[in-house]
Amino acid sequence: MNEYSPPAPSPVMAQYLEIKEANPGCLLFFRMGDFFELFFDDAVAAAQALDIALTKRGRHEGADIPMCGVPVHTAETYLARLIRAGFKVAICDQIEDPAEARRRGGKGPVRRAVTRVVTAGTLTEEGLLDARRHNYLAGIAEAGGEIGLAWLDLSTGAFALMPTSEPCLAGDLARLTPGEILLPERLLTRPALFELLAEWKPVLTPLPNPRFESEAARRRLQEFYGVGALDGFGGFGRAELAAAGALVDYVGLTQQGRAPHLQPPRQVMPASVMQIDAATRRNLELMATLAGERKRSLVATIDRTVTAAGARLLADYLAAPLTEPATIAARLDAVEFFVDRPELREVLRERLKRCPDIERGLTRLGLGRGGPRDLAALSQSLGETAALRDMLVQPGLVPLPERLAAAQQGLGEHGALVERLGRALDAELPLFARDGGFIAAGYSGELDEWRGLRDESRRMIAALQARYAGESAIGALKIRHNNVIGYYIEVSANHAGKLGPEFIHRQTMAGAQRYTTAELADLETKIASAAERALALELRLYEDLVGEVMARRAEIAAAAEALATLDLAAALAELAAEALWVRPVIEESTTFEIAGGRHPMVEAALTGEGKGGSFVANDCALAEDRIWLLTGPNMAGKSTFLRQNALIAILAQMGSYVPAHSARIGIVDRLFSRVGAADDLARGRSTFMVEMVETAAILNQAGPRSFVILDEIGRGTATFDGLSIAWATLEHLHEVNRCRTLFATHYHELTSLAAKLPALACHTMRVKEWKGDVVFLHEVGPGTADRSYGIHVAKLAGLPKNVTARAEEVLSVLEKGEQGGALARLADDLPLFSAARRRAQPPPAESPAEVLLRGTHPDELTPREALDLIYRLKALAPE
Ligand code: ADP
């Protein structure tokens, strides 16, 4: 039986059940006065997720109704937690005033309706979002055998789409890291996507297949943008359209028909961005360290932006480095402009610091979810644009680099709006418009008049209180107000008899009596009507202001984008100047020449405050020699070197300066890494399996413009196995993939391949032996390492001395070759093992006789039992 269709529920419950049924898959936040309440299973789930009390309210079909609730004014915090825990929440508000409902004749409950469905991918509130990252809602669709991907950020209106394919989808999703992914139900069972989707499971929202129909999607998009054809936006494939259409549809659904502002969809061609798979992104710690923290990741290390929108743009750039030299050069020109002008950069950044985020505020206002503070933020930021524009038109600066010229244009002219908002808004602003109190005095004569009346009447109430207190000689007489009975006169119970007949009794409280008088009631009506009119007028004025902002939405969005562009260019320049980075040369070739390259995060960690370390810069030159085979001991800096070159390629192609003395980079179209694998036990893969999966991806996909770093391949298996795999991999990379490769290895045997493979060069991490100790110089030079120094590292790590001494002994035998016989002799003589074994002897187990005796209590034995015991013991003794 359906628990939500009882025979005769109460009217409110009937209303609840109807709304609940219309919003499947969501928790229903049901507005009851000052609370959002949840019932039935929703209540149980939410109480558990929020750790709040589960109570009950009324009965339904003979059972108690579980209930929990959260106060409306703090609902956002609870919402944030529920969304993070993977729930979707339908917000059901009262859409009429309870007073209105009473005027209707009190029939039926207050009207309620779902005003919004909150999901992880459709958030707009500051409190629910990370200011420095985009929160994308992504959609995947399939049509005509092709896969399309679309994504939008509802909070800023950014909207894009691209054609993709099953193999590329993982990398695309890793680039976007969407907060929520919509997809047709049928893709869930697609074997090729099974593993990928399992990884994104917590954020997947499968929807019925027809929602992803491409023709309907085309119509929906045309309707949304009010155009007759979408060709003006780009030539989109059916799959892309289907994905984009599903997004717009879903946004309409979650926003309950309110149309948010979305920029026209921008088509991203897969070839225009560097392809970086999910494992590589993780391994290179682009957005988070391997431990999952933003701190010490690449993005955190290079972020010098001073606005949230600038930080979001940086994250977007870093996630998607470009592949066209001209576009990259245009970004670099903007950075160089600010590198060359430190003073201008400083004043510009000072101005930008005063610009609060307007992108998100604009969307909130558009969705009717904004408040006076969003208007103030707009006024503040737009107010700065004039000064910023002036800064950039100084005669000495023309011609501006292309991107800055565009930004300068984009800043626009907002003087009139800023002036009006400045006049309209008070200095102190409430979060919500609904309670009023945000329009400044002097902005509207009529409003000032109503407020004057309201305040005057309040003063009269204070005077009335003084008069009543005096006349009745009750000093403690008070006139108070509450939302239930309005204004009342309160005296303590023992004074009750002292009041005259004009005092009409209203309420008896514990220890107090409440009254009213005709005079008080009269004043109250005046106050109420003045306050009501003031509030109504204030809300109208607010709507006017919002209307004015919305009328200029496109210009304001352009200004917001311009601010972010300026912030990012200046921030990258700041970084370059501060950390002594250089402008890379990007070209259409397969060169990779870095002089004096450094690893940004390792360098920052070594040279950070109070550390006093220094980072050793290293060159890397891949040209004729496409592959560098790097040998060297553990801890000598091989991984650091590999990663720093990959990071330099990413930084360069996102349009940033790079940590090096000079850099010349032929466009990298795909970046692969196979470094530092860890067990992926959650997916049932051992370290070695992870390593092989990653290696397979590289060998199957890398092409001549790819850049590959491989660290220690084949270590998770037996020596000869591993060596053979590494050997064959190297040959394949050289002969088939023909990509630029840095290959770090322990297998010195591989260096003999250098003679056979012409594009392979051997390099090694230099070490110095000094007074019996080994010093790592962290320098890369030509040649091969003659030793691994593993035992040295083991000593550093604190292995017991007898273990390292014994290891040295074994090593010297192994190094002499003729391993079989020597090893056998070594094994015969096992001083260490036997000593260890002696120490590790387990305590001898108890014999059965001992067990029997222990269970025996002599004082409790009868003579007969004692005799039995002797026989049993005898039976246990070995013959
Ligand atoms: P390997 O991969 O050879 O085992 P790593 O690259 O992990 O070595 O480096 C080990 C440590 O050596 C790093 O954590 C860092 O502290 C230091 N290191 C590496 N490269 C450099 C360098 N170029 N300059 C200074 N210190 C370095």
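The values are calculated or read from the model by the stated rules, or taken from the named source; none is laboratory data. Just so it is clear, the model here is predicted, and its values are computed rather than measured. Because the Cβ atoms are built from the backbone with ideal geometry, glycine has one as well, and the counts that use them run over all protein chains shown. Note: accessible area is taken over every heavy atom of the protein model, side chains too, but ligands, DNA and RNA are not part of it. Shrake-Rupley method; radii C 1.70, N 1.55, O 1.52, S 1.80 Å.
In the chain, if the dipole is taken from +1 on Lys/Arg beta carbons and -1 on Asp/Glu beta carbons about the Cα centre, which of A476, L207, G127 is farthest to the positive end? Final value for the positive-end residue is A476.
Scalar couplings 3J(HN,Hα) for region 62-78, obtained by applying the Karplus form with A = 6.51, B = -1.76, C = 1.60 to θ = phi - 60°, are x, 10, 5, 9, x, 8, 8, x, 10, x, 4, 6, 10, 4, 4, 4, 5 Hz; x denotes Gly and Pro. Take 254-261, 632-639 and order them by the average number of nearby Cβ atoms within 10 Å per residue, most first; the result is 632-639, 254-261. Surface composition of region 751-793: carbon plus sulfur atoms hold 53% of the accessible area, using a 1.4 angstrom probe and ignoring ligands, DNA and RNA. Secondary structure note: in region 547-668, about 75% of the DSSP beta bridges are antiparallel. For F503, the amide hydrogen comes within under 5 Å of no other amide hydrogen, counting only partners 5 or more places away or on other chains and with H modelled in the peptide plane.
Based on Cβ point charges of +1 for Lys and Arg and -1 for Asp and Glu, what charge dipole magnitude is obtained for region 101-160 about its Cα centre, in debye rounded to the nearest 20?
Numbers: 9 positive and 6 negative charges, 209 e Å.
Using only the charged Cβ atoms, the result is roughly 1000 debye.
The charge dipole of the chain, taken about its Cα centre with unit charges on the Cβ of Lys, Arg, Asp and Glu (plus for the first two, minus for the last two), comes to roughly 1060 debye. In order along region 299-314, the phi-based Karplus estimate (6.51 cos²θ - 1.76 cosθ + 1.60, θ = phi - 60°) of 3J(HN,Hα) comes to 4, 5, 5, 9, 6, 10, 5, 10, 10, 5, 5, x, 5, 5, 5, 4 Hz; Gly and Pro are listed as x. What the chain shows is 48 Å² of accessible area per residue, with the surface traced by a 1.4 Å probe over protein heavy atoms.
The phi-based Karplus calculation (6.51 cos²θ - 1.76 cosθ + 1.60; θ = phi - 60°) puts the 3J(HN,Hα) values of region 448-454 at 4, 5, 4, 5, x, 4, 4 Hz, whole numbers, x for Gly and Pro. Taking the centroid of alpha carbons for each part, region 271-308 and region 219-258 are 31 Å apart.
When the P(r) is computed for region 318-447, the part past 16 Å accounts for 71% of the Cα-Cα pairs. Taking +1 at the Cβ of each Lys and Arg and -1 at the Cβ of each Asp and Glu, which of L313, G371, L344 sits farthest along the dipole of region 274-388 towards its positive end, judged by Cα position relative to the Cα centre? The residue sitting most towards the positive pole is G371. The magnitude of the dipole of region 246-308, with charges of +1 and -1 set on the Cβ of Lys/Arg and Asp/Glu and taken from the Cα centre, is near 180 debye. Shown for region 571-628: the carbon plus sulfur share of the solvent-accessible area, taken with all protein chains present and a 1.4 angstrom probe, equals 50%.
Solvent-accessible area of region 226-308 (1.4 angstrom probe, protein heavy atoms only): carbon and sulfur portion equals 53 percent.
When peptides 155-161, 239-245, 647-653 are sorted by average Cβ neighbour count within 10 Å, with the highest value leading, the order is 239-245, 647-653, 155-161.
The distance linking region 728-780 with region 149-198 is 38 Å (Cα centroid to Cα centroid, whole angstrom).
Expressed as a whole number of Å, what is the distance separating the alpha-carbon centroids of region 452-518 and region 38-76? Centre-to-centre (Cα) distance: 39 Å. Loop-located GluC sites (Glu not before Pro) in region 514-607 (DSSP state not H, G, I, E or B) with no more than 15 neighbouring Cβ atoms inside 10 Å: E588. Only beta bridges with both residues in the chain are counted; by DSSP, about 65 percent of them are antiparallel. Ranking A192, A554, A424 by Cα position along the charge dipole of the chain, where only Lys, Arg, Asp and Glu carry charges on their C-beta atoms, puts A424 farthest toward the positive end.
Normalising the Debye intensity of region 23-97 to I(0), with uniform scatterers on Cα atoms only, and taking log10 at q = 0.16, 0.18, 0.25 Å⁻¹ returns -0.54, -0.68, -1.24.
Applying the criteria of a DSSP loop state and at most 13 other Cβ atoms within 10 Å to the trypsin sites (Lys or Arg not before Pro) of region 107-216 yields K107. Measuring against 30 Å, Cα to Cα, the residue pairs K56/K201; K638/K816; K756/K795; K768/K816; K201/K611; K201/K638 contain K56/K201; K756/K795; K201/K611; K201/K638 as the ones spanning a longer distance.
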